[in-house]
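All remarks here apply to the structure that follows.
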Amino acid sequence: RTTLLEPEARGLVARYGVRLAHACVCPTVEDAKRASVHLGMPVVLKLIAASVPHKTEHGAVRLGVLTLEEVERSFHELMGIARDARGVLVSPLLPKPVAEVLVGARRDPQFGALITVGAGGTNVEQIPDVAIRLLPMTRAEARGALDDTVVGRMLAQPRGRTPANIDALIDVMLGLSDCVPANPEVAEIELNPVFVDEHSAVAVDARG
């Protein structure tokens, strides 16, 4: 394969201290129901399939699922999207963050390992707000990269908005800074979005 399944990408970055939203791998509809009860609804269901790395673009995400009947229906709808479907990830629906941030790391044939940080979420392609740095990086360099983005400056100077835990976001950046150089078989890892609020920075989605 040329891509990692989301559970694989999540497991990889977790080894380097990246905090992730809790998620249960559910190969069957009964697993999905049990996970939804355990986590507490509303929940989010996401398809696990190597052929669908960009889940939102393919309609492979169900947000705010409120009942077991909706869980069952959503499970079957998602599994019908791709022939290589392995099941779904079930996660709790998180509160709206102060900001959604993209943090990614990749190998460039000319420059080597690089990290990218900027505005995240579903509109990332339409918002040209990124900073790129060479890896490995220090904490000060990570903060400097954030300061070069609109979303980073917004988090640092909330101006009436809820202050954000920038140190937690830098921890996520440093986790990827360690992850990609230490795993030469991995060409790219992207966390999008990372939910940043006053308490934490939590990766909601991971792909590689």
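The fraction of Cα-Cα pairs per 10 angstrom bin, counted from 0 for segment 105-203, comes to 16, 49, 29, 5, 0 percent, rounded to whole percents.
Shape class of segment 48-145 from the alpha-carbon gyration tensor: prolate, with a/c at 1.5 or above and a/b greater than b/c.
When the alpha carbon gyration tensor of segment 149-205 is reduced to an equivalent ellipsoid, its three semi-axes come out at 26, 10, 10 angstrom, largest first. Over the residues of the chain, the helix contribution to mean residue ellipticity at 222 nm works out to -9500 deg cm²/dmol, using -39500 (n - 2.57) for each DSSP H run of at least 4. Is segment 57-113 rounded, prolate or oblate when judged by the Cα gyration tensor, a ≥ b ≥ c being the square roots of its eigenvalues, rounded requiring a/c under 1.5 and prolate requiring a/b larger than b/c? Taking the square roots of the gyration eigenvalues as a ≥ b ≥ c, segment 57-113 is oblate.
Segment 62-131 and segment 160-208 have Cα centres lying 13 Å from one another. Computed log10 I(q)/I(0) for the chain at 0.10, 0.12, 0.16 Å⁻¹: -0.43, -0.62, -1.04, from the Debye equation with unit scatterers placed on every C-alpha and solvent omitted.
Dividing the alpha-carbon radius of gyration of segment 1-57 by the rule-of-thumb value 2.2 N^0.38 Å gives 1.23. In the context of the full set of protein chains, segment 81-208 has a per residue accessible area of 49 Å² (1.4 Å probe). Put simply, the amide H of Gly87, placed in the peptide plane, has neighbours under 5 Å in Ile48, leaving out anything fewer than 5 places away on its chain.
Across all directions, the average flat footprint of the convex hull enclosing the Cα atoms of segment 17-105 is 6.4 nm².
The values are calculated or read from the model by the stated rules, or taken from the named source; none is laboratory data. Small disclaimer: the values here were computed from a predicted structure and weren't measured. Just so you know, the surface numbers come from the protein's heavy atoms only, side chains and all, with ligands and any DNA or RNA stripped out. Shrake-Rupley method; radii C 1.70, N 1.55, O 1.52, S 1.80 Å.
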